[in-house]
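> Please read through the structure below; I'll follow up with questions.
The values are calculated or read from the model by the stated rules, or taken from the named source; none is laboratory data. Quantities reported herein were computed from a predicted structural model and do not represent experimental measurements. Please note: Cβ atoms are built from the backbone with ideal geometry, for glycine as well, and neighbour counts cover all protein chains shown.
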Amino acid sequence: MADAFNQSGNKPPLLEVVDLHTSFTTDKGEVQAVNGVSFTLEEGKTLGIVGESGSGKSVTAYSIMRILEQNGHITQGQIRFKGKDITHYSAREMNIFRGQECAMIFQDPMTSLNPVYTVGNQIQEAILIHSKKSRAEARAITLDMLKLVGINDAERRIKQYPHELSGGMRQRIMIAMALVSEPSVLIADEPTTALDVTIQAQILELMQELQKKLNMSIIIVTHDLGVIAQMADEIVVMYGGRICERGTADDIFYRPCHEYTKGLLRSIPSVDNMKKKLVPIAGTPINLLNMPKGCAFSARCDNCMKICIEQVPPELRMPDGHFASCWMNVKNHNYVEVTDDAGC
């Protein structure tokens with residue numbers, strides 16, 4: 001991306017994804033799950049990636065960690081961490097990168113934790129792999145980390161198995177495992193999906209507190225716009241493997257310029273007017289094996305025009321400075337300039 005957005009001064013971004021393409025080989029053909037995605041993550045900031053199931057947001061996160069399924073591969077683009085392209089890293093270099101530099105919280109802690117090992121054993125394993133600490137030192141660090149993530153009676157919890165803990169505690173264990181090596185980047189893939197509303201709020205508050213303490217950057221992947229509003233400094237909206245819109249939280253929530261983003265916002269309740277009827281997005285999610293020639297969202301868009309079906313819209317800079325890829329902005333002359341990047 002030629003002009004990486006939200007860069008502060010001349011300091012390069014901590015993480016930069018440039019024109020990323022990720023595909024999966026299936027019996028029915030090649031599925032292009034991520035199609036030309038570009039964004040940056042600044043040090044100490046939170047980037048939210050939002051979209052419905054199948055939009056490519058989780059695959060983007062897995063591509064950064066290079067933990068794709070065997071039939072998945074990055075076909076094009078760069079993932080630069082502190083200026084170095086990690087797509088060319090060896091297996092040994094990636095093992096160092098994962099954990100020490102970048103860690104991930106997975107969607108379901110119950111299936112991500114090993115049921116036959118105690119939680120203490122699993123956290124200590126991460127320390128022993130990524131450092132030269134002794135087992136006694138690793139145990140002490142584990143106890144400190146459990147206390148840091150808000151788990152009481154750490155001496156007892158360290159000996160328990162995942163099934164003996166509540167959903168909120170298991171999620172805290174996952175956060176402890178991710179943070180035990182103090183990574184520069186934390187990727188959280190739907191970190192609150194399996195939790196009730198009260199525990200969700202606690203987990204998000206915990207992540208924000210730890211971010212300040214450790215000066216950590218966060219990528220939070222979710223379909224929950226409420227989570228994004230509370231956490232993110234910058235937001236990327238994805239649909240059909242492409243970026244539809246990107247900008248600050250205020251840009252996306254108060255000045256949306258893509259029809260898909262507007263549809264997402266119309267489908268969530270408003271605190272100011274709880275009697276307002278919700279408007280769902282019509283149609284079904286796109287089939288990535290049969291992508292349209294033009295805009296990926298055209299089949300579900302109420303304002304679809306002929307050009308939307310025939311041509312992929314360019315990414316346009318809006319008057320307030322954020323970016324959107326929608327032909328409606330061209331029709332309404334609601335843009336400043338065309339960038340080099342292609343969007344949704």
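> Got a sec? Which of Thr261, Thr198 is more than 19 Å from Phe106 (Cα to Cα), part of a helix (DSSP H, G or I), without any contact (Cβ under 8 Å) to a residue 24 or more places away in the chain and not charged (D, E, K, R)?
Working: Thr261 fails: without any contact (Cβ under 8 Å) to a residue 24 or more places away in the chain.
The match here is Thr198.
> Which is under 29 Å from Leu264 (Cα atoms), over 16 Å from the mean Cα position of the chain (by Cα) and of a type outside the set (Asp, Glu), of Gln208, Gln200? It would help to see each step written out before you state the result.
Details: Gln208 fails: over 16 Å from the mean Cα position of the chain (by Cα).
Testing whether each residue is under 29 Å from Leu264 (Cα atoms), over 16 Å from the mean Cα position of the chain (by Cα) and of a type outside the set (Asp, Glu) leaves just Gln200.
> When you go through Asp19, Asp27 one by one, which is the residue that is touching a residue at least 24 places away in the same chain (Cβ under 8 Å), among the acidic types (Asp, Glu) and surrounded by fewer than 22 Cβ atoms within 10 Å (Cβ to Cβ)?
From the options Asp19, Asp27, the qualifying one is Asp19.
Okay, residues lined up against (1) touching a residue at least 12 places away in the same chain (Cβ under 8 Å); (2) in contact with a Ser or Thr (Cβ under 7 Å, 6 or more places away or on another chain); (3) under 20 Å from Phe39 (Cβ atoms):
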| residue | (1), (2), (3) |
| --- | --- |
| Thr60 | yes, no, yes |
| Ser63 | yes, yes, yes |
| Gln70 | no, no, no |
| Ile79 | yes, yes, yes |
| Gly83 | yes, no, yes |
| Ile86 | yes, no, yes |
| Ser90 | no, no, no |
| Gln100 | yes, yes, no |
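> In region 177-195, which residues are outside any loop (DSSP other than H, G, I, E, B) and either within 28 Å of Glu137 (Cβ to Cβ) or over 16 Å from the mean Cα position of the chain (by Cα) (or both)? It would help to see each step written out before you state the result.
Looking only at region 177-195, we keep the residues that are outside any loop (DSSP other than H, G, I, E, B), and these are 177-179, 185-189.
Correct list: Met177, Ala178, Leu179, Val185, Leu186, Ile187, Ala188.
> Give me a count of the residues in region 157-171 that are surrounded by 11 or more Cβ atoms within 10 Å (Cβ to Cβ) and assigned to a helix (DSSP H, G or I).
Of the residues in that region, 8 qualify.
> Kindly provide the set of residues from region 188-211 that are among the charged types (D, E, K, R) and more than 21 Å from Arg98 (Cα to Cα), ordered by number.
Across region 188-211, the qualifying residues are Asp196, Glu205, Glu209.
> What is the number of the single condition among (1) touching an Asp or Glu at 6+ places or on another chain (Cβ under 8 Å); (2) modelled with pLDDT under 95; (3) under 21 Å from Asp19 (Cα atoms); (4) of a type outside the set (Phe, Trp, Tyr) that Cys326 does not meet?
(2)
> Separate question: Would you check which residues across region 242-269 are of a type in the set (Val, Ile, Thr) and surrounded by 15 or more Cβ atoms within 10 Å (Cβ to Cβ) and list them?
The answer is Ile243, Thr248, Ile252, Thr261.
> Could you list, in sequence order, all residues of region 138-156 that are small (Gly, Ala, Ser) and either part of a helix (DSSP H, G or I) or under 30 Å from Phe81 (Cα atoms) (or both)?
Hits for region 138-156 are Ala138, Ala140, Ala154.
> Looking at (1) surrounded by 15 or more Cβ atoms within 10 Å (Cβ to Cβ); (2) under 26 Å from Gln200 (Cα atoms); (3) in contact with a helix residue (DSSP H, G or I) (Cβ under 7 Å, 6 or more places away or on another chain), which is the only condition Ala178 fails?
It is condition (3) that Ala178 fails.
> Which of (1) in a helix (DSSP H, G or I); (2) over 21 Å from the mean Cα position of the chain (by Cα); (3) touching a residue at least 12 places away in the same chain (Cβ under 8 Å) does Tyr117 not meet, given it meets every other one?
The single condition Tyr117 does not satisfy is (1).
> Residue under question is Gly48, and the condition is that it be touching a strand residue (DSSP E or B) at 6+ places or on another chain (Cβ under 7 Å), surrounded by 15 or more Cβ atoms within 10 Å (Cβ to Cβ), farther than 28 Å from Ile203 by Cα and not β-branched (Val, Ile, Thr); does it hold?
Taking the combined requirement at face value, the residue does not satisfy it.
> Here's another thing I want to ask about it. Filtering region 270-290 down to residues that are assigned to a loop (DSSP other than H, G, I, E, B) and under 23 Å from the mean Cα position of the chain (by Cα), which residue is surrounded by the fewest Cβ atoms within 10 Å (Cβ to Cβ)?
Out of the qualifying residues, it is Thr284.
> Okay, moving on. If only one of Asn95, Asn35 is among the polar types (S, T, N, Q), over 14 Å from the mean Cα position of the chain (by Cα) and closer than 18 Å to Met238 by Cα, which one is it? Reasoning before the result, please.
Numbers: Asn95 fails: closer than 18 Å to Met238 by Cα.
Only one candidate passes the filter, namely Asn35.
> Here is a follow-up. Looking at (1) under 17 Å from the mean Cα position of the chain (by Cα); (2) closer than 23 Å to Pro285 by Cβ; (3) not hydroxyl-bearing (Ser, Thr, Tyr), which is the only condition Gly72 fails?
(1)
> Can you tell me which of Gln7, Gln76 is over 18 Å from Leu289 (Cβ atoms), surrounded by fewer than 17 Cβ atoms within 10 Å (Cβ to Cβ) and at pLDDT below 95?
Going through Gln7, Gln76 in turn, just one is over 18 Å from Leu289 (Cβ atoms), surrounded by fewer than 17 Cβ atoms within 10 Å (Cβ to Cβ) and at pLDDT below 95: Gln7.
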